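Comments concern the structure below.
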Amino acid sequence: MGWVVGHSYIVYAPLITGCTTIVFEGKPVGTPDPGTFWRIISEYKVKSFFTAPTAFRAIKKEDPLGNFKKNYDVSCLKHQFLAGERTDPPTLMWLKDLLPGVPLVDHWWQTETGWGIVGNPIGLEEFPVKPGSATKSIPGYDVRVLDTNAQEVKPNETGSIVIKLPLPPGTLPTLWNDDERFKTSYMNAFPGYYLTGDGGYKDEEGYVFIMGRTDDVINVAGHRLSTGEMEELIGKHPIVAECAVVGIADELRGQIPVGFVVLKDGYDIDKHELEQELIQMVRNEIGAFAYFRAAAVLKRLPKTRSGKILRGIMRKMADGEDFTMPSTIDDPVILDEVKEVLAVRQIGRAYSSEGI
């Protein structure tokens, strides 16, 4: 088993079940090339491999056609697990082409829950994979989608993802020495339900689609829009390796979405031309009311060491708000790169012509 994220699944669980674990420390690219993962899988005969989707996006950026995989025999790989963040459909489809016949298992859970809330229960019952979905609720979890009035929404309608009480064994029963804060944070918003803080929807077959934190739902002139949906659209552009969409403050509309994209290596395009193409993609699929008017190109996105994009920090930078450098940031220098692009493009309140 190979794993590239958390110690609980690196050490404890595999030892309990008698598995051999391979721990990889470092980046999947440039050490010495984008074939590092494939080399490790081949050399150590890895059967199940876990990593965050952002790792594969990094590989896709430098090796869009997956040529480095051709140098290794990875026929030993039986399951590819994806964790830590939502697996965007473009990355999933890229992996599907590279690993034909290998189940691509996305799943969703939280530190507070201790184990998977939604997933594809390999060994119990394997379901067909739907791009963009973490599959179905794991036995023990009653996952619902509620609107602001605490009413269940119809299939394919977005809302707040919640878990109907009681929670199953193994989940967090409270916060250390602070029962009241636990209730306020997780239980009070929708009485009878645990608030996950994530938004999304369920389809007619019960597949759960996590679209991002509810904080990532922005209000553009009265329209509640999912930045995750915009990211999914932008990620379909053939030369975009990865992207992030954040809502920044706007005096007229309240908030407006701004895209930040990283391009695949080996592609050259006029940045203004690319921006117009992305704007048109969002306009065609969502509508002009989304007011997506800016897409800036970055060398890389600011992330934590586990691969989560620091969207909140980017938003605060654009809005001119104070922020604390997270201790988990992968490389603090990335924020200087973001600041430079914001200033050059005059994006956000902090970089408007009037300044702040």
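For this structure, a couple of remarks:
- Spatial offset of the range 296-316 relative to the range 151-167 amounts to 29 Å, using the alpha carbon center of each.
- Most mobile listed residue (Pro238, Pro28, Pro169) in the chain, GNM with C-alpha springs under 10 Å: Pro169
- Full-stretch length increase - Lys154, Met325 - with 0.36 nm per residue and alpha-carbon distance subtracted: 57.6 nm
- Anisotropy class of the range 124-264 from Cα gyration tensor, a/c 1.5 cut: oblate
- Between Ile248, Ile16, Ile329, the GNM of the chain built on Cα springs shorter than 10 angstrom shows Ile16 fluctuating the most.
- Counting 0.36 nm for each residue step from Thr184 to Ile16 and taking away their Cα separation leaves a gain of 56.9 nm.
- Taking a ≥ b ≥ c as the square roots of the Cα gyration tensor eigenvalues, the range 143-211 comes out prolate, since a/c reaches at least 1.5 and a/b is larger than b/c.
- Rounded if a/c under 1.5, otherwise prolate or oblate - the chain, Cα gyration tensor axes: oblate
- Here the gap between Asp265 and Ala288, fully extended at 0.36 nm per residue and compared with their Cα-Cα distance, gives a gain of 5.2 nm.
Every number here is computed from the coordinates shown, using simple stated rules; none is lab data. Keep in mind that what you see is a predicted model, and the values were worked out from it rather than measured.
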